[in-house]
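The structure appears below as structure tokens.
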Amino acid sequence: MTQRKSSPTAQHTETDPRWAAVLARDPGADEQFVYAVRTTGVYCRPSSVSRLPRPENVLFFDSPAQAEAAGYRPSKRAAADQTRLAEQHALLVARACRQIVEAEQPPSLNELAEPSGLSPWHFHRVFKTVTGVTPKAWANAHRADRVRSRLGDTSTITEAMYDAGFNSNSRFYEASDRLLGMKPSDYRKGGANADIRFAVGECFLGSILVAQSQRGVCAILLGEDPDQLVRDLQDQFHNATLIGGDQQFEQLIAQVVGFIEAPGLGLGLPLDLQGTAFQQRVWQALIQIPPGTTVSYAEIAERVGAPKSFRAVAQACGANSLAVAIPCHRVVRSDGGLSGYRWGAERKRQLLDREAQANPCNSLGLEKR
């Protein structure tokens with residue numbers, strides 16, 4: 001019998017070390033690459049038990065995203081594997097978050113990664129994919145939450161310092177500005193000694209107020225009555241010194257209005273986010289939603305590692321005081337309904353319509369992600 005010679009394409013595949021992993025159906029390679037089959041248009045993980053393709057029909061990709069960008073779709077088994085993998089990652093991240101919460105001192109990356117069985121580098125990537133922030137950023141947000149909470153319900157700053165896991169005054173005061181945006185004593189007094197500049201302008205959504213602390217933009221408020229917006233700012237920072245913006249500061253209003261008109265350009269301004277650890281996780285996830293697309297509250301809950309906390313996600317959206325900069329208007333109900341919006345459902349519709357019109361890939365309506 002005559003043995004059929006391999007084509008150059010087949011030989012190229014057969015000499016690739018990844019092909020050996022496919023032949024062995026090696027589950028250890030599942031996180032390293034996927035392979036696509038030209039004749040079927042699908043891609044699989046190396047451990048897939050599907051019938052092996054001819055080597056000349058195989059292409060390798062570093063990730064499912066690369067395979068999909070090249071026009072391949074996941075096989076039914078690969079799609080199921082991705083769902084299971086996402087669930088596993090969510091559980092790993094949730095466990096790491098509990099580890100951070102229960103630890104007296106912030107755990108190192110190695111300590112967080114060890115229970116997962118993943119390398120520190122791989123765990124770091126998984127954690128950021130699920131929550132939208134790095135493990136260190138999540139730990140810092142949790143610590144800031146503890147500091148704010150203890151400053152509100154303890155008798156001394158020293159007690160708050162030790163309760164939040166700091167073992168020295170110097171470390172606590174070095175971190176206080178980063179965690180609170182001001183000195184601890186000023187925070188306890190409702191923002192005393194903090195200067196906040198603000199200005200009011202107009203946009204297609206009505207009146208808009210933009211305020212800025214020393215750390216960045218701390219409020220973007222929308223409404224019909226400019227005076228009411230100023231009163232709302234006073235309520236939010238009741239002991240801070242509010243300073244009306246000069247002509248130079250009013251350029252900030254123009255920049256924010258320009259961002260509302262053309263969200264694809266990006267805002268490019270530092271933000272002063274002041275919220276609980278969970279709220280900041282949600283807000284970071286919202287910032288990752290591209291203009292012209294929407295996600296559900298349940299999807300955001302999955303992304304922050306708390307799949308059953310979609311109501312808490314909705315509450316975090318309602319607590320957002322940085323309209324448009326943190327795009328909570330891109331979060332809708334699972335059935336596609338607009339649901340609530342701090343600044344009114346009609347403004348939410350207008351923002352989504354404007355973004356859909358600006359997105360040429362979404363000219364037939366909002367894209368559900």
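The values are calculated or read from the model by the stated rules, or taken from the named source; none is laboratory data. Keep in mind that this is a model prediction, so the values were computed, not measured. Cβ sites come from the backbone with ideal geometry, for glycine too, and all protein chains shown count toward neighbours.
Considering (1) at pLDDT 90 or above; (2) of a type outside the set (Val, Ile, Thr); (3) within 15 Å of the chain's Cα centre (by Cα), say which one residue 348 fails and leave the rest.
So residue 348 meets the others, but not (3).
Please go through the range 275-291 and give me each residue that is assigned to a helix (DSSP H, G or I) and not aliphatic (A, V, I, L, M), ordered by number.
Of everything in the range 275-291, those that are assigned to a helix (DSSP H, G or I) and not aliphatic (A, V, I, L, M) turn out to be 278, 279, 280, 281, 283, 284.
Can you work out which of the residues in the range 315-338 that are among the aliphatic types (A, V, I, L, M) and in a loop (DSSP other than H, G, I, E, B) is farthest from the chain's Cα centre (by Cα)?
Out of the qualifying residues, it is 338.
Could you identify the single residue in 345, 285, 323 that is over 30 Å from residue 96 (Cα atoms), buried (at least 22 other Cβ atoms within 10 Å of the Cβ) and among the hydrophobic types (A, V, I, L, M, F, W, C)?
Matching residue, one of 345, 285, 323: 323.
Inspect all residues belonging to the range 131-152 and state whether any of them is of a type in the set (Gly, Ala, Ser), touching a helix residue (DSSP H, G or I) at 6+ places or on another chain (Cβ under 7 Å), at pLDDT 55 or above and farther than 22 Å from residue 302 by Cα.
Looking for residues that are of a type in the set (Gly, Ala, Ser), touching a helix residue (DSSP H, G or I) at 6+ places or on another chain (Cβ under 7 Å), at pLDDT 55 or above and farther than 22 Å from residue 302 by Cα, one finds at least one in the range 131-152, hence yes.
When the range 27-60 is examined, which residues are found to be in a strand (DSSP E or B) and surrounded by fewer than 18 Cβ atoms within 10 Å (Cβ to Cβ)?
Residue satisfying the conditions is 59 alone.
Go through (1) in contact with a helix residue (DSSP H, G or I) (Cβ under 8 Å, 6 or more places away or on another chain); (2) surrounded by fewer than 19 Cβ atoms within 10 Å (Cβ to Cβ) for residue 275 and report which single condition fails.
The single condition residue 275 does not satisfy is (2).
Taking into account only those residues within the range 17-26 that are assigned to a loop (DSSP other than H, G, I, E, B) and free of Cβ contacts under 8 Å to residues at least 24 places away in the same chain, which is nearest to residue 7 (Cα to Cα)?
Checking each candidate, the answer is 24.
Looking at 292, 336, can you tell me which residue is surrounded by fewer than 20 Cβ atoms within 10 Å (Cβ to Cβ), at positive phi and touching a residue at least 12 places away in the same chain (Cβ under 8 Å)?
336
Working carefully through the options 228, 214, 248, find the one that is modelled with pLDDT of 85 or more and surrounded by fewer than 14 Cβ atoms within 10 Å (Cβ to Cβ).
Just a single option satisfies the conditions, and that option is 228.
Which one of these is within 25 Å of residue 127 (Cα to Cα), modelled with pLDDT under 85 and either aromatic (Phe, Trp, Tyr) or surrounded by fewer than 14 Cβ atoms within 10 Å (Cβ to Cβ) (or both): 69, 94, 90?
Answer to the selection: 69.
Before we move on, is residue 50 more than 23 Å from residue 121 (Cα to Cα) and in contact with a Lys or Arg (Cβ under 7 Å, 6 or more places away or on another chain)?
yes
Please count how many residues of the range 61-72 are of a type in the set (Phe, Trp, Tyr) and part of a loop (DSSP other than H, G, I, E, B).
Number of matching residues: 1.
Test residue 264 against the stated conditions and say whether it is at pLDDT 80 or above, closer than 22 Å to residue 354 by Cβ, touching a helix residue (DSSP H, G or I) at 6+ places or on another chain (Cβ under 8 Å) and not aliphatic (A, V, I, L, M).
Against the criterion (at pLDDT 80 or above, closer than 22 Å to residue 354 by Cβ, touching a helix residue (DSSP H, G or I) at 6+ places or on another chain (Cβ under 8 Å) and not aliphatic (A, V, I, L, M)), residue 264 does not qualify.
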